[in-house]
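Written below as structure tokens is the structure these notes are about.
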Amino acid sequence: MTNEPHSEFSSVGKSLARPDVAAKATGAARFSADIALPGMLIGRILTSPHAHARIVAIDTSRAKALPGVAAVITHADVPKRGFTRSVMAEGLPPFAYETENLDQYILSDKARYIGDWVAAVAAVDLYVAERALDLIEVEYEVLPAVFDPEDALAPGAPVVHKGWKDNVAGVIEHPFNRGDLDAALASSAHVAEFSGRNSRQKQAHMEPDAAIASWDDKGRLTVWSPSQNAHLAKKAMGRRVFDIGEGNVRWITPAVGGGFGARLSFGVEPVAAMLAKVTGRPVKVLVTREEDFNGWNSRTEQRQTIRVGVGEAGEITAIEQDVLSDSGAYFSHSGTISAVNMQSTLGVMRSPVVRGKALMVYTNNPTASGMRGYGNPEGSFILQQALDIAAEKCGMDPVDFRLKNARGPGEPSMWEPQAITTCALPECIRRGAVAIGWDQKWHGWGAGKEGRYRRGVGMSIMTHASGAGGFLLEHSTAVMKLDEDGTASLSVSPCEMGQGILGVLAQIAAEGAGLRYEDVRTVTGDTDVTLFDIGTHASRSTYAIGNAALDAARKVKAIVVERAARMLGVESEGLDVRDGRVFAVADSSVGVSVAEVAHAGIYEYGTDARHIMATGKHQSVMHCPNFQAGFAEIEVDVETGVIKVLKLVIAHDIGRAINPLTVEGCLEGGAAQGLGYALTEDLVIDKGTGKVVSDSFATYKMLSALDMPEVEVILVEEPDPTGPFGAKGVGETGITNVAPAIANALYDAAGVRVHSLPITPEKVLEALRAHGAGA
Amino acid sequence: MAKEIATFIVNGQGYEVIVEPHMLLIDVLRDSIGLVGTKYGCGAGDCGACTVLLEGKPVFACLTLAVTARDRSLTTIEGLADGAGLHPIQQAFVDAGAVQCGFCTPGMVLTTKALLDENPEPTRGEIKAFLAGNLCRCTGYVKIVEAVESAAGILRNGGAR
Amino acid sequence: MHRALLPFEFSEPASVEEAVALVDGGRARALAGGVDLVLKMRLRQETPERVVSLQKIAGLDHVRVDAHGGGALHIGALATLRQVEQSAAVTQGWPLLAEAIASIVSMQTKVMGTLVGNLCVGTPASDVAPALFALGARVKIAGVGDERDIAVEDFFLGPGVTAVRPHELVTEVVVPARPVGSAGRFLKLSKTADDIAKVNVAVSVAFSRGTCAHARIAIGSAAPTPVRAVAAEELLLREDWCPATAKAAAEAAARSVRPISDVRSTADYRAEMVKVLVRDALTQAADGAGVLDGHDGKEA
């Protein structure tokens, strides 16, 4: 264990068991698809077999005639209201929301990718629903399609969206561009350049999408689905998809089987809501894994070039980043992901001159979105190799080059108007280097390794937000109330999708209020109960919702102290609360239990009754960046191109680990996804037809237990004054450094670089051939 | 056969269910019997989330025709714990931090049960090999392997911790 | 795309005779473990009107050594991959087969799936097939009123196409006793440990005074069917054993494959890897057979 519990705390810093996991281990936890309502119908969606086709006619009569079918709907039955699948976009400031393309309808009259939604059925059961799908007859006019974003920009390319002059979905200039790039690069001692592209990694949450919708007799809609940001989804459903207002939508989030960014978008909820509206009955819409792979979520493929100018002393003089994003058929997250890519990629190193530009392009590929890291793993794969190339040109050790050029406290953060408060990156780099054995294993540039099996080490660094402040609305409100027995309910609205946030928030609230951890219940998952929150993304929940919970807890504690003081007949200044007991700091034998105080507040027979509760808030334009260094040691077989990862090290600037076990789990799981992103995971789309070829776990290969190497997680704790007990974010970060560290290790081992992800043996062998090395 | 009333013996209890040949075991367990702890992850035998024990051996409920499981002993995640407490394997998963989103957990726990029934003292390599048909997207398997090692020790010790 | 299967008739015959009368390989399909068939039915790649379960047929789940038949290994049509992998007879007598099955890592697949079913899928990527090719296995096929017996190499006709005709069922795979002094090796390249092979190779060799006396080389995932590299085998039998011989045999083996590009790999890579894997497998098997330290052929 990396971290000793902090003795000054009762709950914080301890690896306490999460409140939600026992039910998950017994099968008692209820995920969306597990829920059955009385009278509920099963919904299924008909998808397009064509990548680009106008729907000339749909004959639903045979499907409707099938006994057990309650409704069949098509584009003709849905509101003519455009929306974006990104419900996270609801948190954008209005000027930025205007650049989001509202190009999505519940069902469309034109299919824009293979898998696009054409019609939907609600029936008494799955069997009838699927037979009805088979009976829907669609007449398509197949249109020319385009699958490559560069082809989509060519004059005369098929235009994906009607009424658009071309396929340019958007252009973003990095908001913090500065200086004269051409002049800076021209006067630099060296210019390093690296180009490449990432893959469309699938979030691949193990729980397939499912949604239940039900309308009551007053026209109020309730949705059950795995959303990462229920309050924003509520708004999007109430204002964009339907015109009923936020108050007429209640969003319930059952247990969520992983999200990784996918559930910042609408899944099948709009279809479920439409089917439920038409039938007047609850409808549960189910999808298959193949439909998910052919569908509406993946990391966005970005083609990038990064140039780094360096001065004589190894100081970075300029960085330029050029991004081309393949939005796929609909805009979804492609704008925000491109912007965040540039912020995080251009935000880690100090540079007097910065230039970033992103272009988003429509194609007839499945809709891309955002995945864990949200632009950072995309940009880091390019930047961190460019940095190594720059270090080589300067003859500097990659560790020293990064230590010299990385931003530190007081300097601008990735959201530049804000300064970095704390930064343990140098410590992360130093401890990570020791853990991987950098000084013993890195033999300098051009070490000229020989033999069939060649080992190498590589590194990467990153910064990531702990919250959306500055970029999106950053607002969480928490409520804490004390019951008569001194236990508390903490009402919060993160998405518990496996990361352990419910336990972390209970630990923070317990510590803040002076209660025992086991006496704090987290109440969540229902927008009728919880107060506003932008949800779980941007690695924000511990930091932002934690701050809100702590604010509420401290207010509760203050009320408890004040009332206890009156009960004890002492001054409140000398009292403290810990582990459920109020006591005098000077004489701990003087005290009263929180339970007694709470009970006395409610069962108060005079005029001073009070159910002790408080709301707490986090609102900020700051996002408290966290930092991380990652290292990899690999062995490459130059005859097969196979990379064997011997060890990964992730050293993270966590501020304070509220629960070290969950932080480790987050980073280990992130590392596994990062390793899949680096080496095996590839959403392959046929270039001729636009069909997703890797549409199953048999063809889209994530790591199995046998594929995981040793991962060493190092938690560097330097509490940040703005975080709850000093905590910073971690959720997305474990994924980011893995691919670039492996890519740099490959160069160290074999002197080659691969320019696209995943780094497959096929590509390694090709690079070795081109390099004249290998077998 | 066409539609018939069949008996399924799940977690030691008999259930009479109307089945047709095309019904999959996972749907009978989840929809007909109401044991929704068995999870549908891929429908293709690729992820292992639907793993149940058929006569003690781990099988994919998503690729098993329900009719072929009639009158045979089935164990689902709901049948593992004896009473209200957790089975030592479940407890080990909770304690080790091996549960994140929990969607793979029922299948992972049951596959672990099958492993430890046949090999009470597995090596790390044997654990990884036995669990390689169960995908987890959250944990990177690190803490799952630790949990299985810990559960093996506890079970060898007669369930004491 | 579908989550549920289409309706079909279901039969559970009690004998092979009854079963062969029912199955026609098209509208009526045999079900053993179901791993492949049920998935294909969900995906509508197979839409049989009748599914004929073999699971109630007694006497098909054996894995046994026939002492009277020259010590051959008999694997019944219902013997699961797990049963074969765990059989002491197999791990001791035919470790190459156990090694190949071990490379299929999903325990559930091995518990449900049968070895015969694995062959009957007819996939060129079968891990079991190259091992059985290298071991000289034969396949017993029952028809209406008769039974035939073919070499496993003749069983595979094309992707998804086998020698099993309508109203026939594979009842058994028979693996002859291993040549004395022989050693085998199975090697596989795949994206992840649980993936299907990009290329797999099985070899079985025995030596006499520094030259190959027995050589069988089989390659999977590199042609429309698993293939035997006969030219490479002949070269091995002709030439004195040395690293160059292994390399030359590997080059020859690469000429006997016709790989394609697909979601798992490219044709070029596969062709290249056939050379590497065959050479490595031969070298490691030769080591196992004792040729390197001069102990080869001692038992012969």
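Yes/no matrix, rows are residues, columns are (1) away from every other protein chain (no Cβ under 14 Å); (2) closer than 21 Å to A:Asn365 by Cβ; (3) in contact with a Gly (Cβ under 8 Å, 6 or more places away or on another chain); (4) open to solvent by 10 Å² or more (accessible area, probe 1.4 Å):
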position: A:Val268; (1), (2), (3), (4): no, yes, yes, no
position: A:Thr279; (1), (2), (3), (4): yes, no, no, yes
position: A:Glu301; (1), (2), (3), (4): yes, yes, no, yes
position: A:Val310; (1), (2), (3), (4): yes, no, no, no
position: A:Ser325; (1), (2), (3), (4): yes, yes, no, no
position: A:Tyr330; (1), (2), (3), (4): yes, yes, no, no
position: A:Gly335; (1), (2), (3), (4): yes, yes, yes, no
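Looking across region A:669-701, the residues that are outside any loop (DSSP other than H, G, I, E, B) and open to solvent by 10 Å² or more (accessible area, probe 1.4 Å) come down to A:Ala672, A:Leu679, A:Ile685. Anything in region C:115-136 that is over 21 Å from C:Arg165 (Cα atoms), outside any loop (DSSP other than H, G, I, E, B) and more than 8 Å from the chain's Cα centre (by Cα)? List them, or say none. C:Ala134 - this is the single residue of region C:115-136 that is over 21 Å from C:Arg165 (Cα atoms), outside any loop (DSSP other than H, G, I, E, B) and more than 8 Å from the chain's Cα centre (by Cα). Scanning region B:27-50 for residues that are within 10 Å of another protein chain (Cβ to nearest Cβ), of a type in the set (Val, Ile, Thr) and free of Cβ contacts under 8 Å to residues at least 60 places away in the same chain yields one hit, B:Val36. Checked against (1) surrounded by 24 or more Cβ atoms within 10 Å (Cβ to Cβ); (2) within 12 Å of chain A (Cβ to nearest Cβ), B:Gly85 passes all but a single condition, namely (1). Applying a threshold of 6 Å to beta carbon distances and a minimum spacing of six or more residues, or different chains, the list of pairs starting in region A:544-569 at a residue that is under 13 Å from A:Met613 (Cα atoms) and of a type in the set (Gly, Ala, Ser) and ending at one that is in a helix (DSSP H, G or I) and at pLDDT 95 or above reads A:Ala549/A:Leu505; A:Ala549/A:Ile508; A:Ala549/A:Ala509; A:Ala553/A:Ala509; A:Ala553/A:Gly512; A:Ala553/A:Ala513. The sole residue among A:Ala236, A:Ala230, A:Ala262 that is within 13 Å of another protein chain (Cβ to nearest Cβ) and out of contact with any Leu (no Cβ under 7 Å at 6 or more places or on another chain) is A:Ala262.
Quick check: anything in region C:78-94 free of Cβ contacts under 8 Å to residues at least 40 places away in the same chain, within 14 Å of chain B (Cβ to nearest Cβ) and more than 29 Å from B:Ala129 (Cα to Cα)? No, region C:78-94 contains no residue that is free of Cβ contacts under 8 Å to residues at least 40 places away in the same chain, within 14 Å of chain B (Cβ to nearest Cβ) and more than 29 Å from B:Ala129 (Cα to Cα). All conditions but one from (1) part of a helix (DSSP H, G or I); (2) more than 14 Å from chain C (Cβ to nearest Cβ) apply to A:Arg753; the one that does not is (1). Here A:Glu635 qualifies as open to solvent by 20 Å² or more (accessible area, probe 1.4 Å) and either touching a His at 6+ places or on another chain (Cβ under 7 Å) or in contact (Cβ under 8 Å) with a residue 40 or more places away in the chain (or both).
The residues listed here are A:Gly574, A:Gly601; of these, the one that is surrounded by fewer than 22 Cβ atoms within 10 Å (Cβ to Cβ) and under 43 Å from the mean Cα position of the chain (by Cα) is A:Gly601. If you go through region B:131-161 and keep only what is in a helix (DSSP H, G or I) and open to solvent by less than 10 Å² (accessible area, probe 1.4 Å), you end up with B:Lys143, B:Ile144, B:Val145, B:Ala147, B:Val148, B:Ala151, B:Ala152.
Residues in region B:92-123 that are more than 8 Å from chain A (Cβ to nearest Cβ) and either under 16 Å from B:Tyr40 (Cα atoms) or touching a residue at least 60 places away in the same chain (Cβ under 8 Å) (or both): B:Ala92, B:Gly107, B:Met108, B:Leu110, B:Thr111, B:Lys113, B:Ala114, B:Asp117. When region C:17-37 is examined, which residues are found to be under 24 Å from C:Val161 (Cβ atoms), outside any strand (DSSP E or B), more than 10 Å from chain B (Cβ to nearest Cβ) and open to solvent by 30 Å² or more (accessible area, probe 1.4 Å)? Selection gives C:Ala21, C:Leu22, C:Asp24, C:Gly25, C:Gly26, C:Arg27.
Considering region A:695-729, the residues that are of a type in the set (Ser, Thr, Tyr) and out of contact with any helix residue (DSSP H, G or I) (no Cβ under 7 Å at 6 or more places or on another chain) include one that is farthest from the other protein chains (Cβ to nearest Cβ), namely A:Thr722. The set of residues from region B:104-130 being outside any helix (DSSP H, G or I) and farther than 13 Å from B:Ala49 by Cα comprises B:Asn119, B:Pro120, B:Glu121, B:Pro122, B:Thr123. Contact annotation: residue pairs with Cβ atoms under 7 Å, 6 or more positions apart or on different chains, pairing a residue in region B:133-148 that is within 14 Å of chain C (Cβ to nearest Cβ) and of a type in the set (S, T, N, Q) with a partner that is in a loop (DSSP other than H, G, I, E, B) and surrounded by 24 or more Cβ atoms within 10 Å (Cβ to Cβ), are B:Asn134/B:Gly48; B:Asn134/B:Cys104.
Regarding A:Thr26, is this residue within 11 Å of another protein chain (Cβ to nearest Cβ) and touching a residue at least 24 places away in the same chain (Cβ under 8 Å)? Let's see the steps before the verdict.
On the way: within 11 Å of another protein chain (Cβ to nearest Cβ): yes; touching a residue at least 24 places away in the same chain (Cβ under 8 Å): no.
Taking the combined requirement at face value, the residue does not satisfy it.
Of the strands (runs of 3 or more DSSP E) lying entirely inside region A:519-621, those containing at least 1 residues that are under 28 Å from A:Lys728 (Cβ atoms) and at pLDDT 95 or above are A:520-523, A:575-578, A:613-619.
Evaluate region C:209-231: report whether one residue or more is touching a Cys at 6+ places or on another chain (Cβ under 9 Å) and of a type outside the set (Phe, Trp, Tyr). Scanning region C:209-231, I find at least one residue that is touching a Cys at 6+ places or on another chain (Cβ under 9 Å) and of a type outside the set (Phe, Trp, Tyr), so the answer is yes.
The values are calculated or read from the model by the stated rules, or taken from the named source; none is laboratory data. Here the structure is a predicted model, which is why all the values come from computation and not from measurement. Backbone-built Cβ (ideal geometry, glycine too); neighbour counts: all protein chains shown. Keep in mind that these areas ignore ligands, DNA and RNA; they rest on the heavy atoms of the full protein, side chains included. Shrake-Rupley method; radii C 1.70, N 1.55, O 1.52, S 1.80 Å.
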